[in-house]
Each structure stands twice: as structure tokens, then as C-alpha cells.
Amino acid sequence: MKLFTSIFYLIILLASLLSYCLLKKEKRKQKPTAKLPPGSMGWPFIGETLQMYSQDPNIFFASKQKRYGDIFKTRILGYPCVMLASPEAARFVLVTQPQLFKPTYPKSKEKLIGPSALFFHQGDYHARMRKLVQSSFSPEASRKVITDIERIAISSLESWSNGQVINTFLEMKKFAFEVGVLSIFGQLEKKYTEELKENYCILEKGYNCFPTKLPGTAYYKALKARRRLNRIIGEIVQERKEKKMSATNLLGQLLNYKGEMGNTLSDEQIVDNIIGVLFAAQDTTASVLTWILKYLHDDPKLLDLVKEEQMAICESENGEKQALTWSKTRQMPLTYRVILESLRKASIISFTFREATVDVEYEGYRIPKGWKVMPLFRNIHHNPEYFTDPENFDPFRFENPPKPNTYMPFGNGTHACPGNELAKVEMLVLLHHMLIKYRWELVGSSNLVQYSPFPIPEHGLRARFVKDI
Ligand code: HEM
Ligand SMILES: *[C@@H]1O[C@H](CO)[C@@H](O)[C@H](O)[C@H]1NC(C)=O
């Protein structure tokens, strides 16, 4: 009996030894040679999110980069992430190997914008939608709407100069929204514009709130506003279909779309892409414009030079007041460089997110499938290796073009911003009229930054506009 148990135990022991060895061998076979990037992951679920949000995110990223180098890992909102702070790494993810990394957004946000909006997609559908968006916001198309943009700019400025203190960011948002609506729909009945504005505002308020469907919460209200937007845009779509207008604006392009099999886009695809573009166009442009006003205000010498440049454009009209043209907007080199430098210094899109669709190896490091990958635009834009004295606001540095992939305020590669031409033109038009006719003072000016979630000057930069003459 005793012998029996001994043999039994021996067999168990041998069996477990054997399976241990086999497993180990198996593991060794599977184990890839590359190691994970350096960095700390923090607590399993919350990771380092609290640290990132509790301190200035710039300091968070910069201190990590200092400690670990250009590639490091961390955990944000429960997700393991690899952060990339070199131009080469950003190029790898965005430009040369985009098929290895897909766009990634929380489901709750996707639902508010609309899951068919192009920036949630990659591959075929993305490429086709992108083509439509690109052609509606090309320099060609922006050229045609420049007079309308000018009209919006003039009336916005007029409304700011009634002696009241304005929140610059909020006013810039209204301006960017109207330009967005114009380039998406072309001329649109006032009734529709107002309805869009009202519901879009509610949508936006829920975007950065906790996503719960409990009645009364901001997210719940946003979902309801999103459904109303479906109906409103649906009505506009119906009208346009009946009128059979051919148009270069985005809605016209979406309506004219014919796929390879002759298929057209569903109403849902049309609405989701329209809301998506409005969303991508408004706060981005508005926060950059707000920063431009702050930077110009803080540098009176530069402000005089930029004013001079804009006055010269008026004078070249031999006294006659004429509308701005596309070619005139190409004759504003200093103003243009102020825009470029503001985009760099403020880096309002500090980074972007992708997700590895397979195990990826980069520079000897392993990026496991499912991990998030974040190219850190701001760190690259503030690296003294690429921009000397990076904290200094110096538009003249753009007299020499930056090296490839060191300057990406509009991203790069398959998802690069298709609205960048429109954004620059609308900023130039607004700045032109502002600089030739108005002065502005800041009220309670500070150097504090607020996150909206894009960085903007504290309180949206309160200012008072005064019309000269
Ligand atoms: C100064 C203002 C703007 C800035 C700084 C900006 C920046 C960016 C960046 C960095 C991306 C790429 C994001 C990524 O790769 O994950 C992007 C994408 C996009 N932007 Fe802009 N943008 C601006 C204005 C606009 C405007 C005015 C429009 C619309 C007319 C627009 C429409 C889009 C769209 C539709 C995408 C998604 C493209 C895709 O996924 O293929 N943006 N933008
Ligand atoms: C985007 O990437 C390409 C290829 O690396 C490069 O030539 C181009 O300059 C990049 N664009 C920007 C804005 O850096």
C-alpha cells in the first residue's frame, strides 16, 4: 500500500515536472525577442491618469520623456499606452505603417458624434469619405467661399465692439461654427442654422461628461439633441435631394456620392459625417484664434508689424475698399507665420490616439496588439532640438521651413487634417479685418491655461474690442 502511494506521488511529481518543462519550452518559443518600452504603468486600473490630469499634462509628458526617452509606456484610463515623442516614431505610426494602427475613441463619444463619421474608420470606407471631405475643403473650394467668410468675419467683429467685455474663445467658437456651417451646407436658411446651433451646443456640453443614460444628465441631454440633429439635417437633405442642386460644398459631395456598385450613402452616413466635420472644425479653430490674440497682445512690437502688413494690403487697393481675394490672403507672410507659430506654441492638439491592430515591433521595442499608441505632437513641437528656444514666441523661425515630421499641428498621413486650408484661410480673413479696424484690451489677463479640453487662455481670454476711427 505504502509503495503504491509512493509510486502514485512519484508519477504525479514526474508528470508535473514534465508539463512544467513543456510549458516553459512552449513559453520560450512564444516569447518574442523584443521587450516592452521603459516606463511605469501605475495602478492596474487607473494607471497614471490621475497624475496626468491633476498636474499640467505638459509637465507630465515632458518629465516622462526626460526620464525614459522618446518611447515610453504608461497606463491612461485603464488602457496600457505607448507614448512616442520623436518625429520618426510619429511618422512610423501615422504615415508609413498606418494599417498597423487604427483610430480609437471611447464608444460613448462615438455615439454622440455618429459612428459613421470618417475619423473613426480606416481602410476603404475611410479613404472614400476622406476624398469627399478633402475636395469640399480644398484651396479651390475655400477660394469660392472667401467672400462669405469675409461677411461672417465683419459681422462677428461688429458684434464684439459694443463696449462689452467678451469671452474671446466663445465668440471665436460662434465664428468658426458659422464658417463650418457655410462650407458644409452652402447657404442655409436662418431657421435651420439656429436649430443646428441650439442642438449642437447641447451635444457639445455632454461630450466631455460622464456617459450615463440617466435622465437629466448632460450626456443624456446630448444624446437627445443628437437625435434632433438627425431630424434637422434629414430635412435639409430631403430638400436638397428634391431640388437636385449640384454643389461643391460637403453636403453636395455627400449627396452626389456613387460607390463602385452604384450605391449611394445612407442618411445616417451623411449626418454622421456632417456632425463629425462640425465637431473637428469648431473648437480647434476657435482655440487657435484665441491664442493668436493673446500672443499678439503680449508682443506689441510684433503686433505693430502685423498691423503694418495688413494695412499695406488695404493700401494696395488704391484707396478703394475691395473685398479680400484668395490671392490677397497669399500676400500676408508675417500674419501667416504668426498663425504657424501659434499652432506650434499652443499645440492645441497635444497628441493623438491610435490602437495597435497586431503585435508591432518598433526600434527594438514591442507594442502589443490592443495597446494604445500616442504620438506626442506637443513634445515634438517643444523640443529644442527642432525649435530653438521653444518657449519663445517667434514667428520668424518659420522663415526656414521645419524638418519633415517635426511640425504636425494638422497631423500627417492617412488621417491628416483635411480642413487645414479652410482653417488657415478663415483665420487670415478674420485677422485681416480685426487688425485694420480694431484694437483690443485684455481684461484681467493672466498666463494661466484652462483645458476645454483643448488648452485655451484662462476664462477664454476676456477682452474688450474698440473700433478705430
Ligand atoms: C486650426 C484648426 C485645426 C487644427 C489644429 C486641426 C487639427 C487636426 C489634426 C491634428 C487632425 C488629425 C488627428 C489624428 O491624426 O488623429 C485633424 C483631423 C481632422 N480634421 Fe482638423 N484641425 C483644424 C481644423 C479643421 C477644420 C476647419 C476642419 C473641417 C473643415 C477639420 C476637419 C478634420 C477632419 C474631418 C479630420 C479627420 C480626418 C481623418 O480622420 O481622415 N479640421 N485635424
Ligand atoms: C509627412 O510625412 C512625409 C513623409 O515622411 C513628409 O515628407 C512630410 O514632410 C510630413 N509632413 C509634415 C507636415 O511633417
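Just so you know, all these numbers are worked out from the coordinates, no wet-lab data involved. In this text the structure is predicted, and so the values were computed from the model without any measurement. Note that we place each Cβ from the backbone using ideal geometry, even for glycine, and neighbour counts take in every protein chain shown.
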For this session: Could you tell me whether residue 380 is buried (at least 18 other Cβ atoms within 10 Å of the Cβ), over 23 Å from residue 127 (Cβ atoms) and touching a Ser or Thr at 6+ places or on another chain (Cβ under 9 Å)?
Result: yes
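Rundown of residues vs (1) away from ligand 2 (no atom under 16 Å from the Cβ); (2) surrounded by 17 or more Cβ atoms within 10 Å (Cβ to Cβ); (3) under 19 Å from residue 355 (Cβ atoms); (4) of a type in the set (Gly, Ala, Ser), yes/no style:
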| site | (1), (2), (3), (4) |
| --- | --- |
| 82 | yes, yes, yes, no |
| 91 | no, yes, yes, no |
| 99 | no, no, yes, no |
| 117 | yes, yes, yes, yes |
| 137 | yes, yes, no, no |
| 153 | yes, yes, no, yes |
For this session: Return the residue satisfying two criteria in turn: it lies in region 352-407 and is closer than 19 Å to residue 86 by Cα and of a type in the set (Lys, Arg), and of such residues it is nearest to ligand 2 (Cβ to nearest atom).
Result: 403
Problem set entry | Residues that are under 21 Å from the mean Cα position of the chain (by Cα) and away from ligand 2 (no atom under 16 Å from the Cβ), drawn from region 408-429 | 422, 425, 426, 427, 428
Problem set entry | Residues of region 413-447 that turn out to be within 12 Å of ligand 1 (Cβ to nearest atom) and among the β-branched types (Val, Ile, Thr), as a count | 2
Exercise. Quick one: how many residues across region 171-190 are free of Cβ contacts under 8 Å to residues at least 24 places away in the same chain and either crowded, with 18+ Cβ neighbours inside 10 Å or under 12 Å from residue 278 (Cβ atoms) (or both)?
Worked result: 1
Problem set entry | Matching residues in region 86-117 - criterion: being in a loop (DSSP other than H, G, I, E, B), within 16 Å of ligand 1 (Cβ to nearest atom) and within 20 Å of the chain's Cα centre (by Cα) | 104, 105, 106, 114, 115, 116, 117
Exercise. In the set 398, 454, 410, 377, which member is within 16 Å of ligand 1 (Cβ to nearest atom) and over 30 Å from residue 79 (Cβ atoms)?
Worked result: 398
Exercise. Could you list, in sequence order, the residues of region 411-448 that are touching a residue at least 40 places away in the same chain (Cβ under 8 Å) and either more than 27 Å from residue 154 (Cβ to Cβ) or part of a loop (DSSP other than H, G, I, E, B) (or both)?
Worked result: 411, 412, 413, 414, 415, 416, 417, 418, 419, 443, 445
